[in-house]
Structures are given as structure tokens and as C-alpha cells.
1. Of all the residues that make up segment 332-344, how many are within 14 Å of VAL372 (Cβ to Cβ) and open to solvent by 30 Å² or more (accessible area, probe 1.4 Å)?
2. Considering only segment 284-326, how many residues are touching a residue at least 12 places away in the same chain (Cβ under 8 Å) and over 30 Å from VAL107 (Cα atoms)?
3. Which condition from (1) of a type in the set (A, V, I, L, M, F, W, C); (2) assigned to a helix (DSSP H, G or I); (3) modelled with pLDDT of 85 or more is the one that ALA526 breaks?
4. Name the pairs: first residue in segment 389-418 and under 16 Å from ALA430 (Cα atoms), second residue part of a loop (DSSP other than H, G, I, E, B) and open to solvent by 60 Å² or more (accessible area, probe 1.4 Å), Cβ to Cβ under 7 Å, at least 6 apart or on different chains?
5. Give me the pairs, please: first residue somewhere in segment 209-233 and polar (S, T, N, Q), second residue anywhere and open to solvent by 20 Å² or more (accessible area, probe 1.4 Å), beta-carbon distance under 6 Å, and either six or more positions apart or on two chains.
6. For segment 252-273, give me each residue that is among the hydroxyl-bearing types (Ser, Thr, Tyr) and closer than 19 Å to ALA385 by Cα.
7. Being surrounded by fewer than 20 Cβ atoms within 10 Å (Cβ to Cβ) and charged (D, E, K, R) is the filter; apply it to segment 292-315 and report the residue that is nearest to HIS368 (Cα to Cα).
8. Any residue at all in segment 356-370 that is polar (S, T, N, Q), under 30 Å from ILE208 (Cα atoms) and in contact with a Ser or Thr (Cβ under 7 Å, 6 or more places away or on another chain)?
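The values are calculated or read from the model by the stated rules, or taken from the named source; none is laboratory data. Every value quoted in this text rests on a predicted model; they were computed, and no experiment measured them. Positions of Cβ are generated from backbone atoms using ideal geometry, with glycine treated the same way; all protein chains shown enter the neighbour counts. Areas reflect the complete protein model, heavy atoms only, side chains present, ligands, DNA and RNA absent. Shrake-Rupley method; radii C 1.70, N 1.55, O 1.52, S 1.80 Å.
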Amino acid sequence: MGRTAPADSAAMIRSRLRGKTGRAFWRSLDELSRTVDFQAFLEAEFPSLAPTAAEVDRRGLLKVMGASLALAGLSGCSGQADDRALPYVQSPEFVVPGNPKYYATAVTMAGYAQPVTGKTHVGRPVKLEGNPGHPGTKGATDPFLQAALLGLYDPDRSQSPRRAGRPASWEAFDGAMVARARELDARRGAGFRLLTGAVTSPTLARQIAAMMQRWPQARWHVLEPVDDGLRREAVRRVFGRALQPHPMLDRAEAVVSLDDDLLGPGPYQAVRAHRWSLRRHAFQRGEGESRLLVAEPVPTITGAMAEDRLIIAPARTVVLAQALARGFGVPGGTEPALTERERQWVDAATATLRAHPGRALISVGARHAPEVQALGFLINERIGALGATLRFTDPITVEPPDGMRSMEALVEAMNAGDISTLAMLGVNPAYATPSGLGFREALEKVELRIHAGLHYDETAARSHWHVPVEHELETWSDARAVDGTVSVLQPLVRPFHSVRSQHAILENLAGRPGAGSDAVRETWRAEWGGPVRRALARGAFPGLRCG
């Protein structure tokens, strides 16, 4: 039916390829030959694939599409760097495309600073790495730190205030907060509650303290879904006051872990992994040993590194702790019934700890009851670990008035009708609290509910006001790292959306509209004064440290 003969097609193919070099892409010989029959077939069966008057090859089409997507992204966000941020490395006089700039800053996890060096191209953050100049982490990094950059470009971020789920303005929010602050002044803060995540920021702690002083009848609560509250209670029972334990894995030649993922995910991962690597390198050079015995119910990173890993049921952790305690003469130790494999592991752990006095460490998981963790601290005292492989500092996080019962006390007050205004800053309690606590039901009894966060989430949907906050790579702030060092948060880029910092929103709640960076600078001037510029370049202030 008029189709081109094979010989003619081959001739046409040769003519089309004559003088051509490089790769050429096609889906069939007919497509390559561009025969009339093939063109008619293509237009009839696949109209979208039929060539147009202005033909574009595959590579050209991808180039055009890529350029379009890039330009569309640039039009939606501002890529200007914050002029007040101080580069980690001396910046050139003019920004040259292709030459990156680096800034020392930090992101937070469970309230703790994770020091980073942020790489920017033409004012746009593109990569985060550990800050080698930070005294606590020495440049160590982890997957969570690497992924923190993605939150900055998250398309689901909240972009403007909302009132009752509808778009609103910052001016309307400021007006409402000024009026509410006048009412609270008259009542000395009665009925006002503030809910935040774990706080290590000196600026945020100062602002909260000033608010509670202004409104003595108000109260501050903390929600941190995964924290070490039980461990703090165990320390308090053993030593009589609040302390922060720091396992010095670089000094520990023998480590026994009872369901404690020392090297696993969390705010301590980068620091502990760095210290563990130092111990392993020393061992490889012939400087001491590096032994690790682990008993755990689920596989962990720490268990994968162990020379002797015992698989146990969760309830057997307390049994092993009691057996080890008895071996070292610790009060509370018993002689429980053990399986043969458990007995072998306990004997090996006991012998290993005894063989390394002052250079050994035992750790019990933070999710276990305080009395079980207390046994671990008492064993550490018997093996000479205190002050050597296990050190202590003052607490790094600021503890709320109700301690571990903070959320229970808040729900009880809501159910009793004692709360007229609840401000929730950077938390999502409607999602993160246990269902048995009844937070969602109690929340409906609060007259005015205010939520500030990165996303319009479950709590925001149940609040009268939702206001968006700046991402940590857009904001001025501070926070303490896990070693206690005060780290600087300086912006890598100006905010993409109509957002404010947590510090600014806390000022707004007190009826004082203003910039959050002013509150941060006020803290820095009062606490450290002169070395601010140097701290911006290094990413940390001199301060509380461990080891």
C-alpha cells in the first residue's frame, strides 16, 4: 500500500546518517527514515508524538524543560543572602557565580544544636556539612543533619498567617496579641500557658523567664516526644541533683550496653560516633583495647558493632542489670534466674568491666525506668568510670516547672477550665501526644488557641490562630550543642515566605511587635559582649563544655 521498499528505506537511512557524528536516538528504523507512510501512521496512532513544524530533538527538549523548571523555581523564592550573616570563610568582594560561600550555623534536633557549615551558591543554600571548627562535634555529621536542608525548600511549608483556617495578615495577628496581652496584664497572666519543645537556646530561655516574671500566674510547659526525662530522674535519684551525663567513648576501652543505642540516631549521634571512631583508631594503632558488649531486643547500630550481641526480650533488661549489679556488690542487685546464654553474657560483661578499671563504661537505655538506669550509674561508680569515661555537667536543656509531668499538668489544667490562652510554639501536640492523654479533647476547652510552626499541621487545624515560623537556615537564633557549647544560628538566606522567627513570635505574644534578631543580639551582648563577631565566624561561643 505505497510503503517505501526496504532498499529505498536503507538508502534514505544512509543519506540521513551521512556526515553525522555522535549519538542519535530513535525508536525504530521507520522513524529514522522519516518515510511518508511512517509519518501518516505516527500522526494517526500517536498524535502527541508526531513531529511539529518546529521539530525539537530529545536533548533539546530536555534542555528547554530544565531551564523552564529552574526559572519557575527562582520566581517563587528569593535567593538573597542575609547581609548581616558572617561567612565562615573570608568572602570575595563580589559574589561570583560558581564560587560558593560558606557560613557557620546550626540546625536543631530535640532542642540541641547540630553545628553545620552551610554551602551557598549565589545566595542559595545547597549543602550542609558538619562544622570542623566547632569544639563539640569537630565536623562530625549524621543523616538528619544532611536532610535538614530539605525542610528549607519543602513546598508544604506554611507561608502566611491563618485565622480559623482562613488567610490573615500579620497586622491582624499583632493587633489581636496586643489586646490579649492587655487582658493578661490585668490578670497577672492568669489563664495563659506556653507550650514549647525542649529549650537549650539562651535567648529563648531568657524570653520565657521574662514572660513568666511579667505574668507570674502564667505557666510554661514542654513537649518533646523523644527525650531523656527518665534518665534525668535516674541521675537525680543517684546524685541528689540534676546533671547531664556524657559518655566519653573515646576514653572507654570496654563498653557494656543494656538496650542503649549509643551510636544510633538522635541529637547525640554525631558526637558519640566521632568519639567512638577516635577509640577505634587508637585501638588500631595498638593504644589500648576497644571492646563492646550489647544486650538488646531490636537490632541497632550499636549492636551491629558489638563483638558479643545478646538478643533479649525488653523485660529482660532489668534482669540483666540486676545480675550485673550483684556482681559488683551494688545495693539492689539480685541473683535472678538466667538462661545459659544470658549467664554467659553476664559473666563476660562482668569480667570485661573488671579488667578495665577507670577505662570501662556501662550504659542503660534512656527509655527504662529510673531505678533500672540508677543501677547502671552505681555500677559505673564501682568500676571507676565517674569522671573518666562518664562525665557530668549542669543540665543543658532548661527544665519546665512541672518536670516530667509537664504535659499531664497542662491537660489537667485545660480540663479544669483554668486556661483561657494556650500558645504552642514549634510543637504539634495534637499529633505527638499519646492518645490516652486526651490532649485533643482538652484543647477544645481553651478559649484562644495559638499555634506557631513550619507547617499547617494537626494542631494548627485545631487552633484559632496559626502563624508560620522561619526555618532554622533563615533565622537568627542560638542553641546549645550536646556538649553544652552555645552555637550560633545565622541565616544562610533571607526568608522565602512571610514568616517570623520564634523569638519574634514570643515577643508578639507579649504584645511587643519587633524583630527576632534584636532579642538574639540582646542576649549575646549581655552574656558574651565582645567576641560576637568571632563567634559568628566559628559558629560557637565559649561556654559550658564537657571533656
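1. 2
2. 29
3. Every condition holds for ALA526 apart from (3).
4. Qualifying pairs under 7 Å: MET414/LYS445; ASN415/LYS445.
5. GLN217/ARG188; GLN217/ALA190
6. Taking segment 252-273 as the starting set, the residues that turn out to be among the hydroxyl-bearing types (Ser, Thr, Tyr) are 257, 268.
Scanning segment 252-273 gives a single hit, SER257.
7. Step by step, filter segment 292-315, then rank; the result is ARG309.
8. no
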